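Presented below is the structure to which this report refers.
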Amino acid sequence: MGTDQTKSKLAQITLANYGPFGETTACFSPALNVLVGNNAMGKSLFLKLLYASATALSCPDLQPEQLADCLAQKLVSVCRPTGGELSRLVSRHEGTDSAQIQLDFTPEAPHTTTGDSNQKAPLAAARDFQSLAFTIPATPQTPPLSVTSVPPFSPATSPVYLPSQEVISFLPGFLDALKQVPLPFPQTWTDAAKALSARALANPPSPSSSADKALTELEGVLGGRVTQGETGEFFLSTPTGQTEMPLVAEGMRKLASLAQLILNGAVGPGSCLFWDEPEANLNPSALQALCRALFFLAEGGTQLFVSTHSLFVLRELDLLSSQSRVPIRYVSLERSLAEGGDSGVELAAFDTLDDLESIASLDAELEQASRYLR
């Protein structure tokens, strides 16, 4: 949007009456953010809100007066409310007339590595914030939302969203089919497919760079490198030959997706990655490598937002955080039952796993252990 393509980071969000959320706010890490909460707390809807907003801002030729239409279209395409009515994203509590969303961004400081590997990078100060703020009316209107504040800068690169379902094995046929028939797939699938389809950069990540370390972790589990055929199909190339991506195990295809995004430069310094439940179909040894890869990317300047139900992933990330300078934020989503009734889902952000008041996956595991040991 506009001409100032300064690298920026999502620093904070303030919500009121959006989806299941009440009035709530949370600060983010410029590096790694982990969303935790039970089912039906709105983690995916929250990720899609962040992604749609960042994507709308990243459009290089978009003028400020066009932002409302672009943002509305993106929210509809990724959230898919019935009839394309954006008003359906507003909380349905009695007396609610609109949803208010404010996303605060901060210009990214030059990325440096200190001599102290355990020295955490500080969170942004509120005085540094520049905001995108908009309102969605609770009844269908034209326009479907109004923008009240626009930051003077926008992300230098387009954000990437990886859904819980891998799409790399569908390519290139998936995108070809969408050109012929408007199929009702979420825009997040289409966007992920387009990001994956870009060819690998001529020069791979520099040896010993954060991107190279992340790629090494992924390729160590994959047993080879992701390659792309002349017509756009993907293969896993190993010392024993090539295996077409549909024949690779589904969990491995998720790792291959991240590897491809590193190879083609979609994920790297200054980028922003949103990933919904990356742990699906992966065993613990693969999850360890994935967590290390995420930390290397964060260390190299990628801002990550990851949602998970996996206690193993949470513990692994916490262990890595204790040995790293990468600042991590655990963003908890929990329903608030205030006096007088349900006041919606609240956000709470913490620096360590121990600070979380409740972890649904841990509670369930302890309850199961109790039953198993009886």
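Checking the structure you have, find out if any residue of segment 229-236 is out of contact with any helix residue (DSSP H, G or I) (no Cβ under 8 Å at 6 or more places or on another chain) and not small (Gly, Ala, Ser). Outline the logic, then answer.
Taking segment 229-236 and keeping what is out of contact with any helix residue (DSSP H, G or I) (no Cβ under 8 Å at 6 or more places or on another chain), we get 229-231.
Keeping just the survivors that are not small (Gly, Ala, Ser) gives 230-231.
Within segment 229-236, one or more residues are out of contact with any helix residue (DSSP H, G or I) (no Cβ under 8 Å at 6 or more places or on another chain) and not small (Gly, Ala, Ser).
The conditions are (1) assigned to a helix (DSSP H, G or I); (2) of a type in the set (A, V, I, L, M, F, W, C); (3) at pLDDT 90 or above, and residue 174 fails exactly one of them. Which is it?
Condition not satisfied by residue 174: (3).
Just name the residue that is farthest from residue 275 (Cα to Cα) out of those in segment 194-233 that are aliphatic (A, V, I, L, M) and surrounded by fewer than 19 Cβ atoms within 10 Å (Cβ to Cβ). Even if it seems obvious, please write down each step before you answer.
Taking segment 194-233 as the starting set, the residues that turn out to be aliphatic (A, V, I, L, M) are 195-196, 198, 200-202, 211, 214-215, 218, 221-222, 226.
Retained after the next criterion (residues that are surrounded by fewer than 19 Cβ atoms within 10 Å (Cβ to Cβ)): 198, 200-202.
Details: 198: 19, 200: 21, 201: 22, 202: 26 Å.
Residue satisfying both the conditions and the ranking: 202.
Within segment 179-193, work out how many residues are assigned to a helix (DSSP H, G or I) and either in contact (Cβ under 8 Å) with a residue 12 or more places away in the chain or closer than 24 Å to residue 277 by Cα (or both).
First pass over segment 179-193, keeping only residues assigned to a helix (DSSP H, G or I): 179-180, 187-193.
From what is left, the residues that are either in contact (Cβ under 8 Å) with a residue 12 or more places away in the chain or closer than 24 Å to residue 277 by Cα (or both) are 187-193.
The qualifying residues number 7.
Please go through segment 73-86 and give me each residue that is over 18 Å from the mean Cα position of the chain (by Cα) and crowded, with 18+ Cβ neighbours inside 10 Å, ordered by number.
Matches in segment 73-86: 86 only.
Hey, can you tell me all the residues within segment 328-351 that are assigned to a loop (DSSP other than H, G, I, E, B) and either at pLDDT below 90 or crowded, with 19+ Cβ neighbours inside 10 Å (or both)? Outline the logic, then answer.
Pass one, segment 328-351, residues assigned to a loop (DSSP other than H, G, I, E, B): 339-340, 351.
Selection gives 339, 340.
Could you grab me the full set of residues in segment 272-288 that are of a type in the set (A, V, I, L, M, F, W, C), over 16 Å from the mean Cα position of the chain (by Cα) and under 20 Å from residue 161 (Cα atoms)?
Filtering segment 272-288 for residues of a type in the set (A, V, I, L, M, F, W, C) gives 272-275, 280, 282, 286-287.
Filter once more, so that each one left must be over 16 Å from the mean Cα position of the chain (by Cα): 282, 286-287.
Those that are of a type in the set (A, V, I, L, M, F, W, C), over 16 Å from the mean Cα position of the chain (by Cα) and under 20 Å from residue 161 (Cα atoms): 282, 287.
Looking at segment 234-256, can you tell me whether even one residue there is surrounded by fewer than 21 Cβ atoms within 10 Å (Cβ to Cβ), touching a Leu at 6+ places or on another chain (Cβ under 7 Å) and closer than 27 Å to residue 325 by Cα?
No, segment 234-256 contains no residue that is surrounded by fewer than 21 Cβ atoms within 10 Å (Cβ to Cβ), touching a Leu at 6+ places or on another chain (Cβ under 7 Å) and closer than 27 Å to residue 325 by Cα.
Is it the case that segment 322-337 has a residue that's without any contact (Cβ under 8 Å) to a residue 60 or more places away in the chain, under 18 Å from residue 41 (Cβ atoms) and of a type in the set (A, V, I, L, M, F, W, C)?
There is at least one residue in segment 322-337 that is without any contact (Cβ under 8 Å) to a residue 60 or more places away in the chain, under 18 Å from residue 41 (Cβ atoms) and of a type in the set (A, V, I, L, M, F, W, C).
For a quick check of your reading of the model, give me the residue pairs whose first member lies in segment 7-34 and is closer than 11 Å to residue 331 by Cα and touching a residue at least 12 places away in the same chain (Cβ under 8 Å), whose second is assigned to a loop (DSSP other than H, G, I, E, B) and polar (S, T, N, Q), with beta-carbon atoms closer than 7 Å and at least 6 apart or on different chains.
Correct list of pairs: 34/308.
Given (1) under 16 Å from the mean Cα position of the chain (by Cα); (2) over 21 Å from residue 50 (Cβ atoms), identify the lone condition not met by residue 269.
(2)
The values are calculated or read from the model by the stated rules, or taken from the named source; none is laboratory data. Treat the numbers as computed from the prediction; the structure is a model and nothing was measured. Because the Cβ atoms are built from the backbone with ideal geometry, glycine has one as well, and the counts that use them run over all protein chains shown.
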